[in-house]
Structures are given as C-alpha cells and as structure tokens.
Amino acid sequence: MGDPLRPVVIGVDIGTTSTKAVAYDLDGLLLAHHSVGYPLDEPFPGYAEQDARHIHAAVLESLRVVVAELDRPVAGLSFGTAMHSLIGLDPDGRPLTPSVTWADSRASRQAERLRAVPSGLALHRRTGTPVHPMAPLPKLLWFAEQEPVLFGRAAYWVGIKDWVLLRLCDALVTDHSVASATGLMDMHQLSWDEEALDVAGISAEQLPELVPTTTVLPGLTAEAAAATGLPRDTKVVVGAGDGPLANLGLGAVAPGVMACTIGTSGAMRVMVERPGVDPLGGVFCYALTEQRWVVGGAINNGGVVLEWTGDALAPELGEEAEEELLAQAALAPVGSGGLIMLPYLLSERAPHWSALPRGAYVGLTHGHRRAHLVRAALEGVCQQLALVLASVRAAGNEVREIRASGGFARSPLWRQMLADVLGVPVHFPATREGSGFGAALLGMEALGLIPSIEVAAHLVHIEETARPDPAAAATYAALLPLFAGLYDALVPTFTSLRRLAPGLTPAPAPAPPKR
C-alpha cells in the first residue's frame, strides 16, 4: 500500500451507470478502488432517469469499501459527476422528482422551440451549453409546461452531485463546472444568467450557491461519517463535472492536447484558458477551474451501441456478450463491406445538437452478416467522434495530440479503429479512471497537497499508442463525408418518424407518472 505517512485523496466519480471511489497518493499511485452500479430507468419513451437515493447509497458503499482497504488516513474526498442532471427538491431538501439524466430527451420540443429563436444561440454563447434536451434549462421548461403543480412545489432545482453533497455535508452548493453545463450560468461572469432564469421560470434563490470547483467543505454529517467509516472532520472538495475532470485525469491539460472518452456515451474535449464557443454553436464550453475550460462535444451513443448489438443481434450470448461481439466485428473488413450505421440509438448531441435523429443502417445487402452489423456499429461511434473533432478544429482550436480512456479501451480492435477513423495517433494512459483520477488531482490541489493541476501531465504514463494504418485510414476518410451527409439527408425522415411515432408503438403508450 506504499508509505503510510503519505497523504491519500479519494476521488468519487458519480457516473451514469455506477459510482466509483478511487484512492490515490500524491505520486498518482492507485491504492484502492470500488464501484457500485445502479439502473438507468426508461419508464416511458424519451425518459432516462434514476432514483437519487440509489446513487447516494452507491456513494456511501463505494467509500466504505475503499476506506476499509486503506492503511492510512484520508486527507480528503473530491467529487466528479455526470453533467446535466436535474432534480426538484421540496423545502426540506427531499427529492420531488427522479434525477433526470443527460440521456433524457423528453424536453426535445422545448429545446427545439428555444433553439429556433435568436436568443437560443445567444444563450449558448453566453452559457457555453448547447440548447439541447440534455441540458437542465429545457428540462425546466418541460416541467413548467407538463407538470406545473410539481414545478410550483419545487423549492430548489439541483444536480445529482449537489444533492449528494447536501446529504453528506449539509451544504447546498454547486460548482462552476457543473453549473456551466446547465445552460443557466453566464460563463464569463460566473453568475446565474438572468435571461436564462427568466426563460426557465425560476429564481436564483431556487438554485444552489455557486462556488469554485476547489471549494473545501469542512466535514461530513454524523450520519455520513458513520456510513463511510471516515472522521467527521474529513475535508470534502466540491469538485467538477466528469468531462473536464477526464481531461485532467488523462493529463490533457495543455492547449492542443485533446481528451477522448468512450464509456456509455462519448466525448472529445480540448483545454483552453478562456471560455468561449464558436459563432455557430457547434461546441460546448465547460469549466474545470476559473482559469481552465474545456471546449468540445459529447455524443450520446458510445458503449451503449455495443450493448445494443448484443441485445438486438446476439441475444443468445447473454450478458457477457462483449468479448464475442468484438471478436465477430474483427472478422468483418474495414468499412464493413460498405455498410454504414448511424449510431443514434439515444438520439444525439454533438455536433448538430438535435434530438431528432434515430439510428439507421445504410447500405445493407444480402451479403452482410452479423459481423458486418456489429463492426459498422463500432465504426459509426468512431465516425461520430470524427465529426466532433472536425467541429473543435473548426472552432479555431489546435489538436495535435489525443489521449483516450473509457471502457472501450479494453478492446484492441476498438482502440485501433479509433486511431484509423480519426487519422491521428491515439495515446492510451495506464490509468483507466480518467474522471476519478481527475477528481483526486483537483482535490490534491484544493487541499494544498500539490502545487497545481499542471502536475497531471507528468503523473500520467502512456501505456500504449495506436497509430493509424494508412490503408484503413484512407478507407474511413473516404466514408466520412458519406456518414456526415446522411444526417442532413435523413432529417426529413427523422421528423416524419417522430410525428408518426405515437401511432407506431406496439401498444398504447402509458400515461406519464403522477407526482
């Protein structure tokens, strides 16, 4: 376990499907880790929500296990979180709603209505958050219009990390990083945006106090201390969003070094020193600290696409289908024999920021088999990331190096495919816990244990580099314009399908829940 006198910081990464607690020393050595999963509930079309109590319990359990494994005191905790979540609370801080996640698209009509007016793009430029149903701003509009009684009862609107910290530390705060992904904070002023609040129909008093990501809360409640095995005076760093933290955890802190993550979803981000988005609003801009921001784009469909291929194309393989599916994909040729998949199973975000698209296979022939369909799905995820890379560059940002992490990195096939599609070498750090390590590093800086987060670049060891195969890269480069053009070509079809969707369900859609 190393030197028992060396401080240890635990990063807590509240993700979409699990919470991970990871303990590191000041040299970046991983000392202990534990993950606790929970479901993503989809009770009605477009819904993607979670029980906040399950996530709070997962935080406590993951911390309890890690603390029990350590042989030294914990200097502090530091938090990261999936962004864009929204929970309505009553005056006593009890949830009135589930945690509505980034994947929830029920506010698509509200987002499209707001996006269609000039003030929509102006909001994006001020807040850094695209006008999209993933963001809390359109979600608040949905609640105001569809559940007005509940909306009127809500004393506070918070994100999942905000609520967890309220339970752990009895403090209602949100950091600049999470707030920069709500569509409600002016990223230049670091204050709640008055126009956005007016559009949402809420007041600043209904939102948590805005604080820097390095803010240190003085300790835990008696209940939280007992549940985790930590002293009550354990320092708690508020932390940041998982996207900016992934850049930090991958050592992608210098301009021109892009971080790429593929987990359930995916994203590409490059660090900049001043906030801003491109004039057309093709990228987001989220905070890490007041001096460090990330510009990039997220996609809804990452590892979830591989999971879908197992459920839909190979159900006989069961829950442990991933390895066999990847082996089958490796049997198909580069380009999947001319088969293209648009992987928009959960709609999509960057670079179009529209909730309209659906998934599609194009180019299907009698000669295609399951291996082609699986490989085309993986290629589609990588091609969508290539469109995000192009948008980041079009926004005037240099990209000279890519570092990647996420569950996909376990697969040699997928690692090589990403390098071939992007057309540049992709570096894979030894650590697989990008956001968790980033949270721990941010905590170390906040607690004065390291001079600055710049040390991240030196602590991250590159374990492997995937370099593009010239022939494969040429094939993907030829296919990318076709892939990109399919979105525009199919927008009328997507629009018509959404209009017809209520009549195409296999059974009458159930009514939304009464609260």
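The values are calculated or read from the model by the stated rules, or taken from the named source; none is laboratory data. Predicted model only: the values in this text are computed from it and were never measured. All Cβ positions, even for glycine, are placed from backbone atoms using ideal geometry, and neighbour counts span all protein chains on display. With ligands, DNA and RNA removed, areas are computed over all heavy atoms of the protein, side chains included. Shrake-Rupley method; radii C 1.70, N 1.55, O 1.52, S 1.80 Å.
In this view, the solvent-accessible surface of Glu42, computed with a 1.4 Å probe and all protein chains in place, comes to about 120 Å². Solvent-accessible area of Lys139, all protein chains in place: 10 Å² (probe radius 1.4 Å, heavy atoms, ligands and nucleic acids excluded). The listed residues Thr431, Thr309, Thr475, once ranked by accessible area (1.4 Å probe) with the largest placed first, stand as Thr475, Thr431, Thr309. Bridge orientation summary for the chain: considering DSSP beta bridges with both residues in this region, about 70 percent are antiparallel. Surface composition of the range 415-499: carbon plus sulfur atoms hold 60% of the accessible area, using a 1.4 angstrom probe and ignoring ligands, DNA and RNA. Using 0.36 nm per residue and subtracting the Cα-Cα separation, the extra length available between Ala394 and Glu323 on full extension is 21.9 nm. When the solvent-accessible area of the range 48-136 is split by element, carbon and sulfur atoms take up 54 percent of it, the probe being 1.4 Å. The Cα-based radius of gyration of the range 372-472, divided by its Kirkwood radius, gives an Rg/Rh of 1.04. Rounded if a/c is under 1.5, else prolate if a/b beats b/c, else oblate: with a ≥ b ≥ c from the C-alpha gyration tensor eigenvalues square-rooted, which is the range 126-222? It comes out oblate by the Cα gyration axes.
In this simple spin-label approximation, Asp469 and Ser452 carry label points 7 Å from Cα along the Cα→Cβ vector, and these lie 4.3 nm apart.
Between Leu172 and Asp51, the modelled labels are 2.5 nm apart [label points 7 Å from Cα along Cα→Cβ]. Could you compute the FRET efficiency for Ala478 and Arg125, with r as their C-beta to C-beta distance and R0 at 25 Å, rounded to 0.05? Here the calculated transfer efficiency is 0.10. Comparing Cα centroids, the range 333-410 and the range 205-234 end up 40 angstrom apart. Net charge dipole, the range 428-481: roughly 100 debye, given to the nearest 20, about the Cα centre with Cβ charges of +1 for Lys and Arg and -1 for Asp and Glu. Subtracting the Cα-Cα distance of Arg369 and Ala116 from 0.36 nm times their residue separation leaves 86.9 nm of extension gain.
Counting only the backbone N, which residues of the range 143-184 are under 17 Å from the spot 7 Å out from the Cα of Ala226 toward its beta-carbon? Those under the cut-off are 167-170. Working note: Cα atoms of the range 166-265, range along each principal axis, descending, whole Å: 40, 38, 26. With Rh defined as the Kirkwood radius, the inverse of the mean 1/r over Cα pairs, the Rg/Rh of the chain is 0.95.
Please give the peptides 350-362, 23-35 ranked by average Cβ packing (other Cβ atoms within 10 Å per residue), highest first, as a rough proxy for protection. Could you put the intermediate results ahead of the total?
Values: 350-362: 20.3, 23-35: 18.7.
Peptide ranking by packing, descending: 350-362, 23-35.
Among 76-87, 262-273, 292-303, sorting by the average number of other beta carbon atoms lying within 10 angstrom of each residue, highest first, gives 76-87, 292-303, 262-273.
For the range 260-326, the normalised intensity computed at q = 0.25 Å⁻¹ comes to -1.01 (log10 of I(q)/I(0), Debye sum over alpha carbons, equal scatterers, no solvent). Over all directions, how big on average is the projection of the convex hull of the alpha-carbon atoms in the range 182-239, in square nanometres? Result: a mean projected hull area of 5.2 nm².
In the context of the full set of protein chains, the chain has a per residue accessible area of 38 Å² (1.4 Å probe). For Ala298, the shell of other residues with beta-carbons less than 12 Å away shows a net charge of 0, using +1 for Lys and Arg and -1 for Asp and Glu. For the range 182-324, the Kirkwood hydrodynamic radius comes to 18.4 Å, computed from all pairs of different C-alpha atoms. Compactness check for the range 115-162: Cα Rg over 2.2 N^0.38 Å is 1.29.
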